[in-house]
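Below you'll find the structure, written out as structure tokens, and then a few comments.
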Amino acid sequence: MSYRIWGILVALVVGLVLGRVTRQAHLVSFSGEAAQEARSISSWKPRATISTHPSTTKSPLETSGLHSTEGDLIATYGVTAEDLEKVEVLNRKAAAGRLVLSYERPTSQKVLRKMFDEMVSLKADTRDRELETRLATSGLGAVETAGILEDRKKLHEAALWAEAAQQQLIFSRLEYDQKLKRQLSAEAYEVYRTTEALESVSTFSKGFGDVIKRSGSVDTTGKVLEEFARICAIEARGVLPVNSSGPYDSLPQVTVGIAQVQSALRRETESFNSALPIAIERARHLGWDSSLISQLERFLISQHSEHVQTVSRQLNAGGTPSE
């Protein structure tokens, strides 16, 4: 586990302590089976169960040497009485079974902010001396050099916050999924997961329904559209340009600049090319006739092509920051 990830977990626990949490913090080490589960919940398949194991990892607070009193911690991190009141409210929500995001508590935010400041300064102390020397030989003045070093610190801090935000999403999704598994029967859980998956392609299902209506095909029971949704959302993921923010979607991928957007498009095209034959084979296995399969193939190709063309037009029009 990297120092920064461990530091984030320490911040979480210290933040919880500052909030006078009486129950043990439910934290998972970002490694081993727990980490694999956190990454795998978005790749769920029907009837596939994901094992859950209670974490046996000692809390970061227990292993970090942080044995300060609450008063010392309040003084160190600038926590206020108002912060503690907000944390009490959030802790009651969590105790009642509601999801509270990792850094929703103001105490955790303040601990994390101070920790990130220290991490940035620690790295800068060793890195900046060498960089300052090299910049000086390039002809830059002292003011310009100081400005560059200060900007680098800001970028380092931004990277730490971005990593913390992604970790918050992973842990919150894992907690959400584990809570559902405790609350629902295996059958009800599968129904829910299927519903989540099908919802992500609902717009495309309507579009495909319009296509088969225009062709004269009849789907009076809705069976074809239900099978279409299951194929595209579950069995051949990647065959449609789905972009949503549900609890089981892929982690957000930020693309800035023409090169990154083009690279993302290439990855989407590779995914589409791999998923399309799977979708066709699944439709054939379900007994679709050749005419309906041809319509499916043309529809999927047209949706992908339209997506690529839309992104390309935005790039040509300057829709993303230039490099």
Looking at the structure I just gave you, is E132 at pLDDT 80 or above, surrounded by 15 or more Cβ atoms within 10 Å (Cβ to Cβ) and either of a type in the set (A, V, I, L, M) or not assigned by TED's automatic domain parsing to the domain that holds V254 (or both)? no
Against the condition under 25 Å from the mean Cα position of the chain (by Cα), assigned to a helix (DSSP H, G or I) and farther than 19 Å from A233 by Cβ, how does A146 come out, does it pass? no
Would it be correct to say that A283 is surrounded by 13 or more Cβ atoms within 10 Å (Cβ to Cβ), on the phi < 0 side of the Ramachandran plot, aliphatic (A, V, I, L, M) and more than 26 Å from the chain's Cα centre (by Cα)? yes
Under 6 Å by Cβ, and 6 or more places apart or on different chains, what pairs join a residue from the range 231-252 that is in the same structural domain as S302 (by TED's automatic domain parsing) with one that is part of a loop (DSSP other than H, G, I, E, B) and not β-branched (V, I, T)? C232/L240; A233/S200; V242/S200; S244/S200
For the range 244-252, does any single residue satisfy the condition of being assigned to a helix (DSSP H, G or I) and not β-branched (V, I, T)? no
Within the range 160-186, count every residue that is touching a helix residue (DSSP H, G or I) at 6+ places or on another chain (Cβ under 9 Å) and without any contact (Cβ under 8 Å) to a residue 60 or more places away in the chain. 4
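Of the residues L184, L131, L169, which single one is aliphatic (A, V, I, L, M) and more than 27 Å from the chain's Cα centre (by Cα)?
Checking each option against the conditions leaves just L131.
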When the range 188-213 is examined, which residues are found to be modelled with pLDDT of 85 or more and either touching a strand residue (DSSP E or B) at 6+ places or on another chain (Cβ under 6 Å) or outside any helix (DSSP H, G or I) (or both)? V201
Working only within the range 102-126, note down all residues that are more than 21 Å from V87 (Cα to Cα), free of Cβ contacts under 8 Å to residues at least 40 places away in the same chain and within 31 Å of the chain's Cα centre (by Cα). E118, S121, L122, K123, A124
Among the residues of the range 165-187, which ones are part of a helix (DSSP H, G or I), of a type outside the set (K, R) and farther than 17 Å from G246 by Cβ? A165, Q167, Q183, A186, E187
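Just wondering, is there one or more residues in the range 173-186 that are at pLDDT below 90 and aliphatic (A, V, I, L, M)? Give the steps one after another, and end with the answer.
The initial filter retains those residues of the range 173-186 that are at pLDDT below 90, namely none.
Checking the range 173-186: not a single residue is at pLDDT below 90 and aliphatic (A, V, I, L, M).
The values are calculated or read from the model by the stated rules, or taken from the named source; none is laboratory data. All values derive from a computational prediction rather than experimental measurement. Cβ: placed from backbone, ideal geometry, glycine included. Neighbour counts: every protein chain shown.
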